[in-house]
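Notes follow the structure.
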Amino acid sequence: MRKIVVHMQTTLDNRIANGAGMFWEPFPWGKQEQAYINDEFRAADTLVLSRVVYDAIVPWWDAVARGELPDDAPPASRAYAEFAAIQHAMPKVVFSHHMIAGPNLTVISGDLVAHLAELKRQAGGTILLAAGPNTPGPLADAPGLIDEYLVVVHPAVLADGPRMFDGLTRALALRTLSTTSFEGGCVIHRYAVNHDATA
């Protein structure tokens, strides 16, 4: 069976956005961090996104893949160009009630847990999942659904904003698979969910 890996960026206090729904500043992210994430995306074959996250990242990175650098793009680098090409080519599944499916794009709505469980049963490789604040907690509540967490922790603490596991109603038992720190201050933790135990 395929595995689902949730990939999120958080602050030290586990917030995934500020009170305005935006990333915090400063946001330390450089070539080394990007190269690490490139390897994770390269090892997966499906990207699952909430509509909010899709709208925030996919058009931006697709523009980079086409060589059309957005005004807020960092200086061009090989790592960024590689990521743009990798994500552009990945089949995507998006949670949305109104979005229309298209080439390389599947749209699902309704019972997300059931849809994702069915996706896991299909042939294929690793599924990467990234979503806004209303999704990770409820999905984590579904026993056996999420297999790993790839969490980028930034050296920042926010006074307000949604947290990664808002809405979670049960404890999770996790096992640390790896921890990688970067000069810019980020630390990337990878955890496996112990489906046979509770915290």
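Of all residues in the stretch 74-91, which are hydrophobic (A, V, I, L, M, F, W, C), in a loop (DSSP other than H, G, I, E, B) and either in contact with a Lys or Arg (Cβ under 9 Å, 6 or more places away or on another chain) or in contact (Cβ under 8 Å) with a residue 12 or more places away in the chain (or both)?
First, pick out the residues of the stretch 74-91 that are hydrophobic (A, V, I, L, M, F, W, C): 76, 79, 81, 83-86, 89-90.
Those left that are additionally in a loop (DSSP other than H, G, I, E, B): 76, 90.
Across the stretch 74-91, the qualifying residue is only Met90.
Entry remark, the stretch 92-112: residues being surrounded by 14 or more Cβ atoms within 10 Å (Cβ to Cβ), under 19 Å from the mean Cα position of the chain (by Cα) and not in a strand (DSSP E or B) number 2 in total. Exactly one residue out of Val93, Val107, Val153 is modelled with pLDDT of 95 or more, in contact with a strand residue (DSSP E or B) (Cβ under 7 Å, 6 or more places away or on another chain) and over 19 Å from Phe41 (Cα atoms): that is Val107. For Asp147, the conditions (1) of a type in the set (D, E, K, R); (2) under 23 Å from Pro28 (Cα atoms); (3) surrounded by 15 or more Cβ atoms within 10 Å (Cβ to Cβ) are fulfilled apart from (2).
Of the residues making up the stretch 114-134, those that are more than 18 Å from Ala56 (Cα to Cα), surrounded by 14 or more Cβ atoms within 10 Å (Cβ to Cβ) and of a type in the set (A, V, I, L, M) number 4. Of the residues making up the stretch 59-71, not a single one is buried (at least 16 other Cβ atoms within 10 Å of the Cβ), touching a residue at least 12 places away in the same chain (Cβ under 8 Å) and of a type outside the set (A, V, I, L, M, F, W, C).
The values are calculated or read from the model by the stated rules, or taken from the named source; none is laboratory data. For clarity, every value in this text was computed on a predicted model and none was experimentally measured. All Cβ positions, even for glycine, are placed from backbone atoms using ideal geometry, and neighbour counts span all protein chains on display.
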